[in-house]
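Notes to accompany the following structure.
The values are calculated or read from the model by the stated rules, or taken from the named source; none is laboratory data. Being a predicted model, the structure only gives us computed values, none of them experimental. So basically every Cβ, Gly included, is an ideal-geometry build from the backbone, and we count neighbours across all protein chains shown. Calculation scope for accessible area: heavy atoms of the full protein, side chains included, ligands and nucleic acids excluded. Shrake-Rupley method; radii C 1.70, N 1.55, O 1.52, S 1.80 Å.
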Amino acid sequence: MDGDDILDVLVLILVLVAFLPITINQAIPFYKGDLGGFDTQIEKTALKTESEIVPIARQLTTNDIMLMLVVADEYTPMPKSLHIVSEDTGGIPVMQTININNDFLNSKTGDLINAKSTMNEIESNLIKIDLYAGPSGMRYWQVTEE
């Protein structure tokens with residue numbers, strides 16, 4: 001062996017000695033079986049992968065509709081009509097229609113108070129919102145008790 005070959009072998013041995021602890025440290029979870037699968041918690045703050053694949057449906061409440069009305073502006077997408085359907089104490093259906101137009105935008109306070117009073121009749125506070133459409137396109141959103 002030449003002097004250059006001996007130097008190359010020594011450098012190779014030193015590099016292996018330097019990286020061997022790092023390699024073993026990174027390989028231990030693999031050999032223990034701690035990697036992979038749907039139930040593995042990758043980070044402490046991360047959601048489990050299984051819950052991301054099978055999402056839980058979010059329940060809408062009357063507060064979500066109120067927030068939707070509060071933030072409505074002239075750039076609100078179509079349809080700009082909201083029908084709130086509830087039942088009064090006698091079981092008679094009550095419907096309030098809110099059109100998001102210039103009149104609504106100029107005086108939101110009265111319409112918001114009326115919408116809140118109509119939705120107070122919804123006992124469970126959980127609602128369902130549906131989009132009704134016709135041949136001419138989207139017509140209105142309808143809010144009903146779930």
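In the range 114-138, what residues are surrounded by fewer than 10 Cβ atoms within 10 Å (Cβ to Cβ) and either in a strand (DSSP E or B) or basic (Lys, Arg) (or both)?
Listed by number, the residues that qualify are Gly134, Gly137.
Test each condition in (1) open to solvent by less than 100 Å² (accessible area, probe 1.4 Å); (2) modelled with pLDDT under 85 for Phe30 and report the one that comes out false.
Answer for Phe30: the failing condition is (1).
Among the listed residues Asp73, Asp111, Asp103, Asp64, which satisfies the condition of being assigned to a helix (DSSP H, G or I), of a type outside the set (S, T, N, Q) and without any contact (Cβ under 8 Å) to a residue 40 or more places away in the chain? Break it down into steps so the answer makes sense when it comes.
On the way: Asp73 fails: assigned to a helix (DSSP H, G or I); Asp111 fails: without any contact (Cβ under 8 Å) to a residue 40 or more places away in the chain; Asp64 fails: without any contact (Cβ under 8 Å) to a residue 40 or more places away in the chain.
Answer to the check: Asp103.
Within the range 76-100, track down each residue that is part of a loop (DSSP other than H, G, I, E, B), charged (D, E, K, R) and surrounded by 12 or more Cβ atoms within 10 Å (Cβ to Cβ).
Taking the range 76-100 and keeping what is part of a loop (DSSP other than H, G, I, E, B), we get 76-80, 88-92, 100.
Now drop any that are not charged (D, E, K, R), which leaves 80, 88.
Answer for the range 76-100, where residues must be part of a loop (DSSP other than H, G, I, E, B), charged (D, E, K, R) and surrounded by 12 or more Cβ atoms within 10 Å (Cβ to Cβ): just Lys80.
In the range 55-75, what residues are in contact with a helix residue (DSSP H, G or I) (Cβ under 9 Å, 6 or more places away or on another chain), open to solvent by less than 80 Å² (accessible area, probe 1.4 Å) and more than 15 Å from Lys116 (Cβ to Cβ)?
Correct list: Asp73 only.
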